[in-house]
Amino acid sequence: MDECSLKISIVLTSYNYEQYISECIQSVINQTYTNWEMIIVDDGSTDNSVSIIKDFCQKDNRIKLFTHPNNENKGLQKTLEYGIKLAETEWITLLESDDILAPCLLYTSDAADDLL
């Protein structure tokens, strides 16, 4: 498989992280490796998180928002399990809404060779 065609699924969990979620999502958008999908599963947020996430979804079709039925809060474990089931690839990285990724976190071995 050509490493440039390797797609990575990023599963992001969210629960009332309105103050951090934009910076977190932007850090994924800023990755130097661009063949990824971002699956965001909101766990029943009651703040403005979902609205912020929807704005990003409209701007970038690699970002997808999911919620539990009836916008229930099911906890971190169930939320992660749901996101992993939704992933389109076997290559998955997990992220929480207050995490920020360095721009070169996602890369192929070819890209790593260029850094040496």
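A few remarks follow.
- Think of each Lys and Arg Cβ as +1 and each Asp and Glu Cβ as -1; about the Cα centre, that makes the dipole of the chain roughly 400 debye.
- GNM flexibility winner over the chain from Asp98, Asp42, Asp55 (Cα, springs under 10 Å): Asp55
- For region 28-77, accessible area per residue (1.4 Å probe, heavy atoms of protein chains only), Å²: 52 Å²
- Helix-only arithmetic for the chain: the sum of -39500 (n - 2.57) across DSSP H runs with n ≥ 4, divided by the residue total, places the mean residue ellipticity at 222 nm at -10500 deg cm²/dmol.
- Considering only the Cα atoms of region 16-68, their convex hull presents on average a projected area of 3.4 nm².
The values are calculated or read from the model by the stated rules, or taken from the named source; none is laboratory data. As the structure is a computational prediction, the values presented were derived from the model and not from experiment. Don't worry about glycine lacking a Cβ; one is built from the backbone with ideal geometry, like all the others, and counts go over all protein chains shown. In case anyone asks, the SASA skips ligands and DNA or RNA and just uses the protein heavy atoms, side chains included. Shrake-Rupley method; radii C 1.70, N 1.55, O 1.52, S 1.80 Å.
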